[in-house]
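A short write-up of the structure that comes next.
Since every read-out is calculated from the coordinates, none of them should be taken as a lab result. Owing to the predicted nature of the structure, the values given are computational and were not obtained by experimental measurement. We place every Cβ from the backbone using ideal geometry, glycine too, and count neighbours over all the protein chains shown.
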Amino acid sequence: MKRKPLEGIHVLEIGAYISAPYAGALLAGLGADVVKVEPPGGEMFRRGAGVSSPYFVQYNTGKKSVAVDLKSPDGLKLIESLLPRFDVVLENMRPGKLAALGLGPDVCQRINSRLVYASVTGFGSGGPLVDRPAYDSIGQSLGAFYSIMNDADDLRLTGTCVADLITAITATMGILAALVGRGLDPAHRGPVVETSLMEAVSTLTIDAMTQAFETGEDPVRESRHPQSQNFCLHTASGQAITLHLSSSEKFWRGLMSAIGREDLIDDTRFRRYSDRAQAENFAQLKEILETEFAKRSRSEWERRLEEADVPAAPALTVREVAEHPQTQWLQLLTHPYKGQALVQPPWKFDGERPVRAERAPHVGEHTWEVLREVCPEADLQALAAKGTIAGPAPTTR
């Protein structure tokens, strides 16, 4: 790969926490020059630890940091003066907040008609929930993710920030599509791209939504298991292993061979996929498999299932994934900054993965470098003295 796909694209990120910053991190990983606008005290996700916050580092490596007080008229003018130099503005403030400050899409695109203006919100720019605060758990809850991932009478939180992450990925997709569309537009005008937590979660629940309309019932944790013929089974070593038989009779016969229960191959309850997919028969099969898999260790089952060509995988912990040989072969993680594992962009181009830059920026580390392109040095010094901008002032030009 001679160059990263987004080299030459400039992104101005006005975002905090995860949904916009992770989108910015993906764009930076793909080669875009991403300038993060932070308040003079730094983004809240730094949690007072600067670049020692592992979460801030994960979502902000490879960016430049410009610390500007957007509530100041002078700070607002600085950002406006930067807009002609950028291709994308990416923000995840509450609906209308950035516009109220004077940086809404109409203002920004009047200054630069080529600008792609990407807005990430909780629930969109209107509707009954428009003014409600939105965080990851709210998105998972309103998007039905909690109900799908749990039993009907035992709803619980999930283990990670699924809604924020899929919203970032969805925003990235929208930005990339907008950049392509801008290139095809005769006037090269940039569109306004909008997505939200609630919309983005729908990309994860689309199958469950389809199932709900098919069956007339709300799917829960086990609703799809008979249809997909999958199991997560505990083994004698205390670890679990996952099977996915789907509809292939080959996999069914291979599984029965692996567990030494060839007597079940032609059992009338299980003979065909349509038999096994019946809820009562599936429940009986699950009970049989639970008994059999408790007799051997996970590693022994991995060997047996691989030899029988049955789709199976160990149910790994996060640290096991990080140490897995396949993860290492894919070069999906690197440890360039203070030993922290950085997750790399999930794509390869011409066989090579675009590697993220090595570290996250300090608060305002690039304030002077970026702003001196649009503002005289003496004015920057005056703005720094007033607290409108922050960051280490260079000792030399």
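So which GluC sites (Glu not before Pro) in region 198-244 pass both tests, a DSSP loop state and at most 14 other Cβ atoms within 10 Å of the Cβ?
Passing both the DSSP loop test and the Cβ count: GLU217, GLU222.
Would you list the membrane-span-like helices of the chain, meaning whole DSSP H runs whose alpha-carbon atoms span at least 18 Å along their axis and whose mean Kyte-Doolittle value is at least 1.0?
162-184
Could you identify which residue out of VAL120, VAL57, VAL180 has the top mean-square fluctuation in a GNM of the chain using Cα springs shorter than 10 Å?
Among VAL120, VAL57, VAL180, the largest mean-square fluctuation in the Gaussian network model of the chain belongs to VAL180.
Test of understanding: what is the full-extension gain from GLU373 to ALA177, defined as 0.36 nm times their sequence separation minus their Cα-Cα distance?
Net length gain for the segment: 67.6 nm.
Run the simple label-point estimate for ALA240 and VAL321 please: 7 Å along Cα→C-beta, distance reported in nm.
According to this spin-label approximation, the distance is 1.4 nm.
Out of these labelled values of Rg/Rh (Cα atoms, Kirkwood Rh), (1) 1.06; (2) 0.96; (3) 1.19, which was calculated from the coordinates shown here?
(1)
In debye to the nearest 20, how big a dipole does region 135-217 give about its Cα centre with +1 on each Lys and Arg Cβ and -1 on each Asp and Glu Cβ?
Here the size comes out at about 540 debye.
For the chain, with only Lys/Arg (+1) and Asp/Glu (-1) charged at the beta-carbon, what is the dipole magnitude about the Cα centre, in debye rounded to 20?
Using only the charged Cβ atoms, the result is roughly 1180 debye.
Which one, ASP218, ASP136, ASP153, has the greatest fluctuation when you compute a Gaussian network model over the chain with C-alpha springs under 10 angstrom?
ASP153
Extending each Cα 7 Å along its Cβ direction at ARG156 and ARG132, get the distance between those two points in nm, one decimal.
My value for the distance between the label points is 2.5 nm.
Choose one of THR235, THR268, ALA258: the residue whose Cα lies farthest towards the positive end of the charge dipole of region 199-273 (beta-carbon charges +1 Lys, Arg; -1 Asp, Glu; about the Cα centre).
So the residue we want is ALA258.
So which GluC sites (Glu not before Pro) in region 318-397 are both in a DSSP loop and have at most 15 other Cβ atoms within 10 Å of their Cβ?
GLU358, GLU373
Filter the GluC sites (Glu not before Pro) in region 1-100 to those in DSSP coil with at most 12 other Cβ atoms within 10 Å of their Cβ, and list the result.
Passing sites in region 1-100 are GLU7.
Charges only on Cβ, +1 for Lys and Arg, -1 for Asp and Glu: so what's the dipole of region 1-144 about the Cα centre, in debye to the nearest 20?
Result for region 1-144 is approximately 260 debye, rounded to the nearest 20.
Charges on Cβ only, +1 for Lys and Arg, -1 for Asp and Glu, centred on the Cα centroid of the chain; of HIS244, ILE148, PRO105, which one is farthest towards the dipole's positive end?
It is PRO105, whose Cα lies furthest towards the positive end.
What distance in nm separates the two pseudo spin-label positions at ALA313 and GLU287, each 7 Å out from Cα along the beta-carbon direction?
In this crude label model, ALA313 to GLU287 measures out at 3.0 nm.
Cα centroids of region 52-70 and region 208-277: how far apart, whole angstrom?
Taking the Cα centre of each part, region 52-70 and region 208-277 sit 45 Å apart.
Of all DSSP beta bridges located in the chain, what percent are antiparallel, nearest 5?
40 percent
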